[in-house]
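Take a look at the structure below.
The values are calculated or read from the model by the stated rules, or taken from the named source; none is laboratory data. Note that the structure is a prediction, hence the values are computed from the model and not measured. Reconstructed Cβ throughout: ideal geometry from the backbone, glycine too, with neighbour counts over all protein chains shown.
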Amino acid sequence: MNQNDERYRRGVEILQRLSGNGAEQVTNRVAEVAPDFARMTIEFPFGDLYARGEIDLRTREIAAIAALAALGRLPQLRVHVGAALNIGCRREEIVEVLMQTAIYAGFPPALNALAECHDLLATSADTDQVKP
């Protein structure tokens, strides 16, 4: 297996842990018109960066949520909020991240992020554990 194949395999495995759907959901539309770009989307962010051991996937997803909310990248934000919930982040934690984002990026981007992910966060409330 060559180095690019190994990077791709790692990326697919990480995406499956994050979303349960793997690379297909993330790259299908991109691959229709740009298959090499779709492969790079798996290899570099997930096969290289997400695979690094310095911080865990949970911390990476929290960082992604803050950055995407601050930048107003709402479609990608939805993907990462869903992934964070899938790997065990609680709704309250994500809301706190968005509140923290409001300090540095402003209330409009943070509120837009919350509005964009409202359905994901409201649905997760049904499955959150009750605090003692």
Here the residues within the range 66-82 that are in contact with a Ser or Thr (Cβ under 8 Å, 6 or more places away or on another chain) and hydrophobic (A, V, I, L, M, F, W, C) are Ala66, Ala69, Ala70, Val79
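Yes or no, residue by residue, for (1) surrounded by 13 or more Cβ atoms within 10 Å (Cβ to Cβ); (2) in contact with a His (Cβ under 7 Å, 6 or more places away or on another chain); (3) outside the structural domain of Glu116 (by TED's automatic domain parsing); (4) not charged (D, E, K, R):
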position	(1), (2), (3), (4)
Gln3	no, no, yes, yes
Leu15	yes, no, yes, yes
Leu18	yes, no, yes, yes
Glu43	yes, no, yes, no
Phe46	yes, no, yes, yes
Leu49	no, no, yes, yes
Ala66	yes, no, no, yes
Ala69	yes, no, no, yes
Gly72	yes, no, no, yes
**Asked** Looking at Tyr8, is it surrounded by 15 or more Cβ atoms within 10 Å (Cβ to Cβ), within 25 Å of Ala113 (Cα to Cα) and not assigned by TED's automatic domain parsing to the domain that holds Ile103?
**Response** no
Within the range 35-59, the residues that are touching a helix residue (DSSP H, G or I) at 6+ places or on another chain (Cβ under 7 Å) and more than 19 Å from Val81 (Cβ to Cβ) are Phe37, Ala38, Arg39, Ile42, Glu43, Gly47, Asp48, Ala51
Residues of the range 25-54 being under 15 Å from the mean Cα position of the chain (by Cα) and at pLDDT below 85, in sequence order, are Gln25, Val26, Thr27
Here the qualifying pairs (Cβ atoms under 9 Å; residues six or more apart or on different chains; first in the range 102-116 and within 9 Å of Gly72 (Cβ to Cβ); second outside any helix (DSSP H, G or I) and modelled with pLDDT of 95 or more) come out as Ala105/Gly72; Pro108/Gly72; Pro109/Gly72; Asn112/Gly72; Ala113/Gly72
Inset, instruction - Could you tell me whether Glu93 is in the same structural domain as Ala125 (by TED's automatic domain parsing) and either under 27 Å from Ala125 (Cα atoms) or more than 17 Å from the chain's Cα centre (by Cα) (or both)? - result: yes
Determine if the range 22-31 includes at least one residue that is closer than 22 Å to Val97 by Cβ and not acidic (Asp, Glu). yes
